[in-house]
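Step one of this worksheet: look at the structure below.
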Amino acid sequence: MYIMPKNQSGALAAALAEDYDLYGPILPDASGEPLFDRAEDPAAIRLDAAISYNPPKSVVFPQAERILSYRYDKDSRTAAIVRDDLVRPKALVGIRACDLSGLLCLDRFYLGQEYVDEVYRDHRKKMFIVANTCVRPFPQCFCVCTDSGPAPREGFDVALTGVGDDYLFETGSEKGEALARKLGLKEAGPGAAALKAKTVDASIARFDAEATQNKAWISRVMNRITMGFIGNDVWEYIGDQCFECGACSFVCPTCSCFNIEDVNTREGGTDRKRSWDSCSYEGYTRMAGDHNPRHPVEDRRNKRFFCKLSFSQSKKYLRPGCVGCGRCNRVCPGDIGIANVVTYIRREITKAGAK
Amino acid sequence: MSVPNAGAIVTVPEIAVIDEIKDEIEDVRTYYFSFENNDVGRDFRVKSGQFVMCTVFGAGEFAVSLPFSPENDRPHLSVRRVGHVTRALHELRAGDKIGLRGPFGNGFPFDAIKGRNVVYVAGGIGLIPLRSSIVHVLQHRPEFGRIILLYGARSSKDHMYKYMIDEWKKIPGFEVHVAVDRPEEGWTGEVGFVHTLVGPASVPVKDTVAFVCGPPLMFNSVIKELLAAGLKDDAIISTLERHMKCGIGKCQHCAIGRTLVCTDGPVYTYRQIKTLGEQI
């Protein structure tokens, strides 16, 4: 473990900018709402910003991207298909623990199943990750309930933990060590691990008072959902509140469903584009010929919560599909962000238990 | 979970030439193809029951079952014109090119059913995905017991692969029963929905496996009939279709219950289908 004065964070970002495209929390406008986005200027990255409105998944899984393009000449009947080479290395600077957990879920899902998703792999390879411990929670947070924070535990090259005017600079890879040397950082000394643990404990202790919007202990709910103990009336109650806007999927760090469309360009070629999709949309499962096996809205809601909270999906992520960032609760125009759904189902379980 | 085929085409489609087009029934055509690159064609090994993602250039991509047997059978796709991509396919002529990815999916469990009687029950174009299995079983005739096909469609004009059925009827020991829903002039075969053939065909129960494919209504009545006859739910095998985008278990459009049709399916036993908790 090393120690880095907070005023050296600019130097850290600048050092990474030599080899990587930088992405991190930035404040793009006067609203003060942080976004996790490309930082052309390393100085734009704000490690002190609140949790970003959007999840960092868009860096590895853009909202819309071309995955290949082709040209078919009807006269000569020849086809040529080209896949773009996406090898520019990227650095995520200031990713929060929940979002890093989310990224690792995506890794396991896209890279760790039967097939490797080559498009995702190209974004992900050669990446440098600087994670940032949340030394105090934000009102929307519940990572302590989903075992994904407030401190990052794996998957980083560097993890920063703010202590006074300094960051404890913990390395998780040889790349991280090299950066510490490049920045000329001092060793943190023998008390550093204990200091970090104390800081993280203090952060966890503040959740009760400060993370006031969410209390979502999910383990018992996971058991009930997996075993199919949740009654249809509960799903219908939840489904009734869904506006089918898809916002929960778009701000979720682990939602990874996508659509693929071939879009003809003005130049006579075609781009195959993939873009975020949401299982809450009615057209999501509709087949050609209009047969739709998943019709009522509660069917589709049920699907999303199953995906986040059931054991079968957790097997693919090696952890629950919810990482406790609280974004879906913020954006839902109804009242069915994951935390509220968990709270609601827990109440039902308690009621059933009391009978 | 299925193991990916060695040499499967995963992300970038390979270009194939449509060698010949055959009109089957209204809105359904068969497209015989070969790969532009011979090496790709050589490595393109399919298992019966798998599917491919077919690109129609300028229109998009769709999932379609493979009707040909892995051995000694000419590669082809049989496609109904139903959405905008398949409509675009139907505009193509012999000599035009398409793109193919795959093969994907688990395929039919032939090793598990060796030595048993095999009953095929198909409705309408449900015969297309079963064709590869039928041809395969006929190619390995001594490894199986009785082989029965129960096939029905609205009218004789809607019978898929009519020329094959005529050949199949001539094969000794292959019991072929073909029906039309309503009586029609000149039809001398059986009349009625396909599930009504189960009794008259005296479908065996012991050591028997049934392959069922067809529209949801037909599927449900056939299942009911087979279960009533005494078949166990794990002796009934079907292949499902879903809206698909990627074919490799990532886009999740084809999720049914806790499974994905593209990688866990498309072949399921009825015992599995019952536990999926969704419509067919």
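The values are calculated or read from the model by the stated rules, or taken from the named source; none is laboratory data. Bear in mind the structure is a predicted one, so any value in this text is a computation, not a measurement. Note that each Cβ is placed from the backbone with ideal geometry, even for glycine, and that neighbours are counted across all protein chains shown.
Assorted remarks:
- Of the candidates B:ASP27, B:ASP19, B:ASP23, B:ASP43, the single residue that is modelled with pLDDT under 95 and surrounded by fewer than 19 Cβ atoms within 10 Å (Cβ to Cβ) is B:ASP43.
- Selection from segment A:172-205 of residues that are in a loop (DSSP other than H, G, I, E, B) and surrounded by 15 or more Cβ atoms within 10 Å (Cβ to Cβ): A:GLY172, A:LEU185, A:ALA188
- When segment A:110-149 is filtered for residues that are touching a strand residue (DSSP E or B) at 6+ places or on another chain (Cβ under 8 Å), in contact (Cβ under 8 Å) with a residue 24 or more places away in the chain and either assigned to a loop (DSSP other than H, G, I, E, B) or more than 30 Å from B:THR263 (Cα to Cα) (or both), the ones remaining, listed by number, are A:LYS126, A:MET127, A:PHE128, A:ILE129, A:VAL130, A:ALA131, A:ASN132, A:THR133, A:CYS134, A:VAL135, A:GLY149.
- Residue within segment A:99-109 that is part of a strand (DSSP E or B) and either of a type in the set (A, V, I, L, M) or modelled with pLDDT under 95 (or both) present: no
- So B:GLY126, is it surrounded by 23 or more Cβ atoms within 10 Å (Cβ to Cβ) and at pLDDT below 95: no
- Cβ separations smaller than 6 Å between residues 6+ apart or across chains give the following pairs from segment A:63-78 residues that are in contact (Cβ under 8 Å) with a residue 60 or more places away in the chain and within 16 Å of A:GLU267 (Cβ to Cβ) to residues that are among the hydroxyl-bearing types (Ser, Thr, Tyr) and in a strand (DSSP E or B): A:TYR70/A:THR270.
- The residue of segment A:261-283 that is nearest to A:PRO56 (Cα to Cα), among those that are surrounded by fewer than 19 Cβ atoms within 10 Å (Cβ to Cβ) and among the polar types (S, T, N, Q), is A:SER275.
- Within segment A:67-85, restricting attention to residues that are surrounded by fewer than 18 Cβ atoms within 10 Å (Cβ to Cβ) and closer than 21 Å to A:SER275 by Cβ, the residue that is nearest to the other protein chains (Cβ to nearest Cβ) is A:ARG83.
- Complete set of residues in segment B:46-103 that are at positive phi, touching a helix residue (DSSP H, G or I) at 6+ places or on another chain (Cβ under 8 Å) and in a loop (DSSP other than H, G, I, E, B): B:GLY49, B:GLY58, B:ASN72
- A:ARG88 vs. criteria assigned to a loop (DSSP other than H, G, I, E, B), touching a strand residue (DSSP E or B) at 6+ places or on another chain (Cβ under 6 Å), surrounded by fewer than 20 Cβ atoms within 10 Å (Cβ to Cβ) and at negative phi: yes
- Yes/no for A:LEU318 being surrounded by fewer than 16 Cβ atoms within 10 Å (Cβ to Cβ) and either modelled with pLDDT under 95 or at the interface with chain B (Cβ under 9 Å from one of its Cβ atoms) (or both): yes
- Taken over segment B:25-45, the criterion of being within 17 Å of A:GLY289 (Cβ to Cβ) and not in a loop (DSSP other than H, G, I, E, B) is satisfied by B:ILE25, B:VAL28, B:ARG29.
- Residues that are in contact with a Ser or Thr (Cβ under 6 Å, 6 or more places away or on another chain), more than 30 Å from A:LEU100 (Cβ to Cβ) and more than 10 Å from every other protein chain (Cβ to nearest Cβ) within segment A:252-293 comprise just one, A:ASP271.
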